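As structure tokens, the structure follows; a few thoughts come after it.
The values are calculated or read from the model by the stated rules, or taken from the named source; none is laboratory data. Since the structure is predicted, the reported quantities are computational estimates derived from the model, not experimental observations. Cβ coordinates were reconstructed from backbone atoms using ideal geometry, including for glycine residues, and neighbour counts include every protein chain displayed.
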Amino acid sequence: MKRYLRRLAVVLAVTGAGWVCAAGRVLPPRQFEVSINGETFQVEADRRTTLTSRKTPGTKYEVAVRVAPAQRASLGRLRLSYDRGFVASLDAEPPGATLTLTHELGFTVTIAELGPAHDETAQRRVLSQLVDVMRAASAKAAQGDVQVGSPADTDTDHGSGQVVTLRFRDRSEQDRVCAVYVLNVGRVACSCVAQVADEVAEDAQPLVDAVLDSLEEERSGQNGNP
């Protein structure tokens, strides 16, 4: 747990005390290679293309390649889906993997495996530790006090746990919200820290909820790292 807290602090430092700004739209790959019957072709995304076989004269293939709207990732014992607007960064070092999702709208979601499922006492203890880390990080960017809410029960499609919400106004007069979750997903405990500016909260919340609802225990042979 201490190693994860140190790692989370590093993530927050890299992203500017946890708050990132949308500097521009992340451009997805546009050029892809497609292999058909032993032949390789270059195709452009989001376009229907006619490919002519060099091995079999007269043979043509109609193909179209698109980036799926939902991407998948595995942390090891957990897997999830996320919107294509996120850029995923995976830190798989022991004791548990940490996945950071940075969205083009300028908010982040950081998910980490915490080992076996926690009982209620352990869950409260871990949540308190995470909230302390986030309060300290948020205070560095705040122009006033950081408001910390009370723990509340929360459920996802495949898990349950508790969440605490922190609110503050930063030095550029932006209102910020940070939601800290500790969940049991099947036999695995995990945390989620979602950091969102109020101005994009209406668009961000459904995307964060979708990530949380997609969290489930990994089944053998179905890893899907980004």
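Out of 73, 68, 88, 92, I need the residue that is loosely packed, with under 12 Cβ neighbours inside 10 Å and closer than 30 Å to residue 189 by Cα. Which one?
68
On the basis of being under 24 Å from residue 213 (Cα atoms) and in contact with a Cys (Cβ under 8 Å, 6 or more places away or on another chain), does residue 122 make the cut?
So residue 122 does not fit the description; no.
Would you point out which residue out of 183, 166 is in contact with a Lys or Arg (Cβ under 7 Å, 6 or more places away or on another chain), under 22 Å from residue 127 (Cβ atoms) and either aliphatic (A, V, I, L, M) or part of a strand (DSSP E or B) (or both)?
Result of the check over 183, 166: 166.
Quick grid of which residues meet (1) on the phi > 0 side of the Ramachandran plot; (2) at pLDDT 95 or above; (3) surrounded by fewer than 17 Cβ atoms within 10 Å (Cβ to Cβ):
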| residue | (1), (2), (3) |
| --- | --- |
| 113 | no, no, no |
| 137 | no, no, no |
| 145 | no, no, yes |
| 148 | no, yes, no |
| 156 | no, yes, no |
| 160 | no, yes, yes |
| 173 | yes, no, yes |
| 184 | no, yes, no |
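Among the residues that make up the stretch 174-191, is at least one of them under 22 Å from residue 209 (Cβ atoms) and free of Cβ contacts under 8 Å to residues at least 12 places away in the same chain?
For the stretch 174-191, residues under 22 Å from residue 209 (Cβ atoms) and free of Cβ contacts under 8 Å to residues at least 12 places away in the same chain: absent.
Show the residue pairs that are 6+ apart or on different chains and have beta-carbon atoms under 9 Å apart, the first residue being within the stretch 89-113 and in a strand (DSSP E or B), the second being of a type in the set (Phe, Trp, Tyr) and at pLDDT below 90.
98/4; 108/19; 112/4; 113/4
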